[in-house]
Amino acid sequence: MYWNREAECMSRDRMQEVQLRRLRTTVERAFNNVPHYRRVLQSQGMEPGDVRTLDDLAKLPFTVKKDFRDNYPFGLFAVPQNEIVRYHSSSGTTGKPTVVGYTRNDLAMWAELMARSLVSAGTTRNSVVQNAYGYGLFTGGLGVHYGAELVGAAVIPISGGNTQRQVMVMKDFGTDILTCTPSYALFIAEVIEEMGIKKEDLRLKAGIFGAEPWSENMRQQIETRLGITAIDIYGLSEIIGPGVAIECEEKCGLHIFEDHFMPEIINPGTGDVLPYGEKGELVLTTISKEALPIIRYRTRDITTLTVEPCICGRTHVRMDKVTGRSDDMIIIRGVNVFPTQVESILLEIGETEPHYQLVVTRQGSLDMLEIQVEVSERMFSDKIKRLEELEKKIHSQVDSILGISAKIRLVEPKSIPRSEGKAKRVIDKREI
Ligand code: DLL
């Protein structure tokens, strides 16, 4: 099912025409209206006319998170204040938040892309969409909201939290589409089970989960426990919010809405563009946004692109599930570890609960990784020997797959904090 067949299944040739036209307009707008872009382009001896082919994209300078901070709050905007009709912001871990703005046309484009995303996951005008992404400055809530309204579905703007009420509403209103972070979906599944409600008593059909990395094993766990198909949605505030890319029913990569965002993969060390199929950092350029045109934004998200046609008929380039952010990656004694890799190992073993946290400390000059993972009530009251065996098993899998020796700590059921938004997987206590 498509929302906009013409755009989603456009031929590659036509796509390239659209992209080149829009890229040139974007660079011109940025140059003429955003002092930051004029400065960096001029410092490289470039002007908008230098963008003649799509290959010229790679010559343009990168935009990074720091550019948002240095131009806080509105310095990167390309339109006067009175054309802005909405602000959102994302709170970084340090310093000032990133502020983003939208014109009326930007909001219409975003709603269109969210409509494409929702329909790709099976939403129809008859659907009841329970939107448990946070409403507010976070882009998740309102992003999904306007897309779902455009499709003509009935939206429940419940936002995150109050999980028992979520479950009651889900049952009584006949929710068929759930939208929230994958970690919150799992928490909701847990509460459904605790409340003694069977998945057959619900009408849930699909979930559209994103805003944080999650493994394939986590997908299976959510699908089984909620009895749904779980679709991955990707996006980021700096580019638009949710709705940069979405999986189709084939679940073999996320289609990037390339008629609005141009993707590249670079080697994060050198900044060189890598060919399709190679793993690296995703870089995105907006080519239709008015308020905040962004050239070559370094997302820090690690993935791979493929241009192979998809069975679903969509022609847009697909990105692999994001395994993690380069800044979430922890380096333990020289080994790079993403929380999703640990998640995958734990769920593969399957004898623990899917709730875990990585605690990193430093003893002397040595990094130590402790993996805390919950065990079930039944397991916890079992013989110490069985718990020790399980610890050993996890330890040896982590050792052989990731190449690090971690301390495994099996913790009591419900002792790891549940998240209603993005889960906190890593606690880094090292003072570096
Ligand atoms: O998380 C936008 C969003 C809302 C996406 C709802 C999907 C659903 P930010 O708060 O700016 O925006 O965070 C963006 O979250 O750079 C990734 O590191 C991570 N992220 C988002 N979606 C995914 C995903 C929203 N599907 C940052 N898989 C991004 C992995 C994701 N990571």
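The values are calculated or read from the model by the stated rules, or taken from the named source; none is laboratory data. This structure is a prediction, so every number in the text was calculated from the model and none was measured. In this analysis, Cβ positions are derived from the backbone assuming ideal geometry, glycine residues included, and neighbour counts consider all displayed protein chains. SASA here: full protein model, heavy atoms, side chains in, ligands and nucleic acids out. Shrake-Rupley method; radii C 1.70, N 1.55, O 1.52, S 1.80 Å.
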- Note on the structure: In the range 244-262, residues that are over 14 Å from S288 (Cα atoms) and not β-branched (V, I, T) total 10
- Message: I'd like the residue in the range 241-252 that is touching a strand residue (DSSP E or B) at 6+ places or on another chain (Cβ under 9 Å) and open to solvent by 10 Å² or more (accessible area, probe 1.4 Å) and, out of all such residues, is farthest from H145 (Cα to Cα).
- Response: C252
- S183 more than 13 Å from V144 (Cβ to Cβ), within 11 Å of the ligand (Cβ to nearest atom), touching a residue at least 12 places away in the same chain (Cβ under 8 Å) and among the hydroxyl-bearing types (S, T, Y): no
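Let's see how each residue does on (1) closer than 23 Å to S183 by Cβ; (2) open to solvent by less than 60 Å² (accessible area, probe 1.4 Å):
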site	(1), (2)
V373	yes, yes
D382	no, yes
E389	no, no
V411	yes, yes
- Message: Which of the numbered conditions does K66 fail, given that it passes all the others? Conditions: (1) more than 23 Å from G271 (Cβ to Cβ); (2) surrounded by fewer than 17 Cβ atoms within 10 Å (Cβ to Cβ); (3) within 28 Å of the chain's Cα centre (by Cα).
- Response: (1)
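Every residue, every condition in (1) touching a residue at least 24 places away in the same chain (Cβ under 8 Å); (2) of a type in the set (A, V, I, L, M); (3) not in a loop (DSSP other than H, G, I, E, B), yes or no:
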position	(1), (2), (3)
D106	yes, no, yes
M109	yes, yes, yes
E112	yes, no, yes
A115	yes, yes, yes
L118	yes, yes, yes
G136	no, no, no
H145	no, no, yes
A148	yes, yes, yes
I158	yes, yes, no
- What single numbered condition from (1) surrounded by 19 or more Cβ atoms within 10 Å (Cβ to Cβ); (2) within 15 Å of the ligand (Cβ to nearest atom) fails to hold for I287? (2)
- Output yes when any residue across the range 260-273 is open to solvent by 30 Å² or more (accessible area, probe 1.4 Å), in a loop (DSSP other than H, G, I, E, B), touching a Lys or Arg at 6+ places or on another chain (Cβ under 7 Å) and more than 25 Å from K422 (Cα to Cα), and no when none is. no
